[in-house]
Every structure is written in structure tokens, then in C-alpha cells.
Amino acid sequence: MQHATDPHGDEVSYDPPGPHLVYYAEQALLGALLLEPALLADLQQLEADAFSNASHGELFSAMLRVPAPDPVRHQAGPFWVNAVLETALPDAPGLTVSYLHTLISACPHARHAPAYAAMVQAEHARRTIHLHSEHLARASANTALPDRATAVLARADTLERHLAELSGRFPSHPGSLPRTTVPPAPTGDTEEEVLDEERMLLASAAVWPSAINEMRWLTADDFTLSAHGALWQVLNSLSHRGDPVDPITVLWEAQHRGILASGLAPDEVIALMSAPAASPEHWGRRVIERALLARAAEVAHRIGAYTDDPATTVHQLITGSRRALADLTAIRTRWHRAIAPLAAPAPEARAGVSTRAGPHRPSTTAAAVRPLSPPAGRPQTGAHHR
């Protein structure tokens, strides 16, 4: 039995381990329907896929397929119950007459069937949101995707549409934010390549400060290393004030901002700002894309924590999940601004070569390299030396 469908068409089974509380609600609901089949008419919005237990879902599906009995005939004997069991057995061979009696005895009050059905639907909503959050988390971590950012945002859009659909079934009410304490997301070691790209962005921006004002879509929080984000703020401040921008002015401003007190040595700043490679926009796009993926992973982690908290109601879950996705929207907007110029054909740029004392940098493409115009006093060669 298929319990949920992947947005891209894959069949996904999600049976929670152990008897969750909804298991008892499912038993009570099915017992009520076995006692009073006429109650099925009040459960038109409930689908078989909403049941967490596969056998329960098949039994409910069989109830929908077997015509409801005449009330008098139903009281006379278990004709309809037997027909339902016979219809369900091919897909749920574990069902027995004895278990159907167990379901009947598990129902406290048949007329409470709508309340039991609402519990089943609410828990189904929790499971489907959990599945979507897992898809979002996997996409953000899948380095094999050719365009990971676009794939991640497609997953986020699918989750948002699902939440919008659920909000129509479960209207929000006051005090509907989750109270879940979200544990810190697991973080791995930052790859040296990531840090090197941030270093090259800072160095290139120091040589071509005119690009800084065009990169308002990048913020200090987008950097993996906080010291790099602080230096980006320094570059922005100098550029915004119209002050000269070079390694010495950056070092002086960094000192006034207390950045050097955090452990960043002056010679590190000088070396960092003296080794440009490619254009600032190129490295800036790499930085913000990584930040986008990291934010998507954090959002998926947060939503997953909401779904794992049994104290979170469906109203709180929907509201909290939509609030989490809203946190992805801001950086998504900035990312679209960053890649917008890429839609227009750019003139071919001449590649420049630089050698520097600092971390090894990955190779760049000619299209990403800004023609080098060394500051006055530097030799007009194809390479810069510190």
C-alpha cells in the first residue's frame, strides 16, 4: 500500500516504528465503522492512505468498496463485515475475524468516529510533512545534482504547496506556533575549498572595490567563517564611504572593528587581500549558493524536529513549517538577484594568472575571470606577486 507519494512520482512507504498513539485512534475508528457502517458517509474526506498501518488502510479501503448494508440486515448478522474482510484479504492477508472483533472492542463510542478520523488525518499530515522535509534535506546534501540550488528550491516549493493545501484542511488558530526546542543541526568540517573561495572573494573585492556596491545581495552571514564575513563588512564600509580600498586600509579598519582581537593576525589579512583571482561576482555567487543550501538544510532540520515532537499539534506544525520556509525566502531572493546577470550573454574575459602566499585555490574558467588591472606601482604582467 502506498502511504505517500514523492513529488517526483516515486512511491514512498512510511510506517512509523512501534504503536504510536494514532494506532489506537485508527483501531477505534475502524471499530466504530464496523459497528455502524452508515458513519462512512460522514468521512468522505478521509482516504485509505491516511492510515499509518497498512492493514488498517486496506480494511478502510474495502469498507469504501463494499456497498453499505441495510441497517436492519446489518443488525441481523455480520454479512457486511464478512464481505469487507473478504475484499481486504488479498491486500492485507494478516487480517482475521478475531482482529476485527478486537477493533470493535477498541472503540469506546461509535458516534465519536469523526473525532477519531480527525486524529488519523492530523497524524497523516505530520508524516507527509516529515517526508517532504527529508526530501529537502537530501537535495541540499546531494552533491551529484547538476544544479543543486534549483533542485533544492523546487523541493521547497513542493513543501510550501503541500502546507498550503493542508492549511485549508486544518485552519490555524491563535497560539499555533510550535514550542519545540530544536536541537542544533549537525555540522561537518568545513572543506578547505569552501574557505579558499571565500578568501578569493575577499582578495578580488579588495582589488576591484567597484564590484562591492553591485553585490548588495551578499551579506556577512553568508560566509562559512565568521572572520571572512567580518572582513566583507569592512570592505563594504570602506566602499560605501568612498575610502581607498587596499590591504592596508582593510587592515586598519579591521583593527578598529575589533576583528584582529578575535585571533586574525595582521599578516594573514595582508596575505588574504593580496591574492586576487577571478571576479568578485563569481566567487560571491559561489558563497551565496552555499549559504542557500546550508539554509535549506537548516530549515529541513527544523521542520523535521517539529514533526518528531508528539506535543506539536497539526496547526502548530503547519504554521511553524511555513515560518521556517519563510526564512529560506529572503536568501532565495538575494540568490536570484546574484544570478540574474548570468541570464544575459557576457563578453569573453581574458584570464589572468596570479600566484600568492596562501591556501591553494581551485582552477577558474576564463568566463569567470575579470581582466586584471593592477594598481599603480605593480608591474604590468600576467601575474601578480606579493
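The values are calculated or read from the model by the stated rules, or taken from the named source; none is laboratory data. Nothing here was measured: the structure is a model prediction, and the numbers come from that model. Neighbour counts run over all protein chains shown; Cβ positions are idealised from the backbone, glycine included. In case anyone asks, the SASA skips ligands and DNA or RNA and just uses the protein heavy atoms, side chains included. Shrake-Rupley method; radii C 1.70, N 1.55, O 1.52, S 1.80 Å.
Among the conditions (1) surrounded by fewer than 18 Cβ atoms within 10 Å (Cβ to Cβ); (2) not in a loop (DSSP other than H, G, I, E, B), the only one that Leu202 does not satisfy is (1).
Checking the stated criteria, Val120 turns out not to satisfy the condition of being more than 26 Å from the chain's Cα centre (by Cα), of a type in the set (Val, Ile, Thr) and in a helix (DSSP H, G or I). The set of residues in the range 17-63 that are polar (S, T, N, Q) and farther than 18 Å from Pro93 by Cα comprises Gln44, Gln45.
Residue-wise test of (1) open to solvent by less than 20 Å² (accessible area, probe 1.4 Å); (2) in contact (Cβ under 8 Å) with a residue 60 or more places away in the chain; (3) touching a Leu at 6+ places or on another chain (Cβ under 9 Å); (4) of a type in the set (Val, Ile, Thr).
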site: Glu123; (1), (2), (3), (4): no, yes, yes, no
site: His130; (1), (2), (3), (4): no, yes, no, no
site: Ala141; (1), (2), (3), (4): no, yes, yes, no
site: Arg155; (1), (2), (3), (4): no, yes, yes, no
site: Glu160; (1), (2), (3), (4): no, yes, yes, no
site: Leu163; (1), (2), (3), (4): yes, yes, yes, no
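With respect to being open to solvent by 70 Å² or more (accessible area, probe 1.4 Å), assigned to a helix (DSSP H, G or I) and at pLDDT 90 or above, His336 fits the description. Regarding the range 11-32, can at least one residue be identified that is exposed (fewer than 14 other Cβ atoms within 10 Å of the Cβ), over 36 Å from the mean Cα position of the chain (by Cα) and not acidic (Asp, Glu)? Scanning the range 11-32 turns up no residue that is exposed (fewer than 14 other Cβ atoms within 10 Å of the Cβ), over 36 Å from the mean Cα position of the chain (by Cα) and not acidic (Asp, Glu).
Restrict the check to the range 155-170 and report whether at least one residue is part of a loop (DSSP other than H, G, I, E, B), under 20 Å from Leu328 (Cα atoms) and under 20 Å from the mean Cα position of the chain (by Cα). For the range 155-170, residues part of a loop (DSSP other than H, G, I, E, B), under 20 Å from Leu328 (Cα atoms) and under 20 Å from the mean Cα position of the chain (by Cα): absent.
Taken together, Trp283, Trp252 contain a single residue that is assigned to a helix (DSSP H, G or I), buried (at least 23 other Cβ atoms within 10 Å of the Cβ) and either more than 13 Å from the chain's Cα centre (by Cα) or among the charged types (D, E, K, R) (or both), which is Trp283. For residues that are open to solvent by 60 Å² or more (accessible area, probe 1.4 Å) and assigned to a helix (DSSP H, G or I), scanning just the range 92-101, find the one that is nearest to Leu39 (Cα to Cα). That would be His101. The single condition among (1) in a helix (DSSP H, G or I); (2) touching a residue at least 60 places away in the same chain (Cβ under 8 Å); (3) surrounded by fewer than 21 Cβ atoms within 10 Å (Cβ to Cβ) that Arg302 does not satisfy is (3). If only residues of the range 286-299 that are in contact (Cβ under 8 Å) with a residue 40 or more places away in the chain and open to solvent by 20 Å² or more (accessible area, probe 1.4 Å) are counted, the one that is nearest to Arg323 (Cα to Cα) is Glu298. If you go through the range 67-91 and pick out every residue that is crowded, with 20+ Cβ neighbours inside 10 Å and either of a type in the set (Val, Ile, Thr) or modelled with pLDDT under 95 (or both), you end up with 2. Candidates are the residues of the range 22-51 that are part of a loop (DSSP other than H, G, I, E, B) and of a type outside the set (Phe, Trp, Tyr); the one that is farthest from Val81 (Cα to Cα) is Gln45. Among the criteria (1) at pLDDT 90 or above; (2) open to solvent by 80 Å² or more (accessible area, probe 1.4 Å), the one Pro186 does not fulfil is (1). For Ala62, the conditions (1) assigned to a loop (DSSP other than H, G, I, E, B); (2) among the aliphatic types (A, V, I, L, M); (3) buried (at least 21 other Cβ atoms within 10 Å of the Cβ) are fulfilled apart from (1).
Given the criteria open to solvent by less than 20 Å² (accessible area, probe 1.4 Å), in a loop (DSSP other than H, G, I, E, B) and touching a residue at least 24 places away in the same chain (Cβ under 8 Å), does Leu218 qualify? Against the criterion (open to solvent by less than 20 Å² (accessible area, probe 1.4 Å), in a loop (DSSP other than H, G, I, E, B) and touching a residue at least 24 places away in the same chain (Cβ under 8 Å)), Leu218 qualifies. Gly229 satisfies every condition listed in (1) open to solvent by 90 Å² or more (accessible area, probe 1.4 Å); (2) in contact with a Phe, Trp or Tyr (Cβ under 6 Å, 6 or more places away or on another chain); (3) of a type in the set (Gly, Ala, Ser) except (1).
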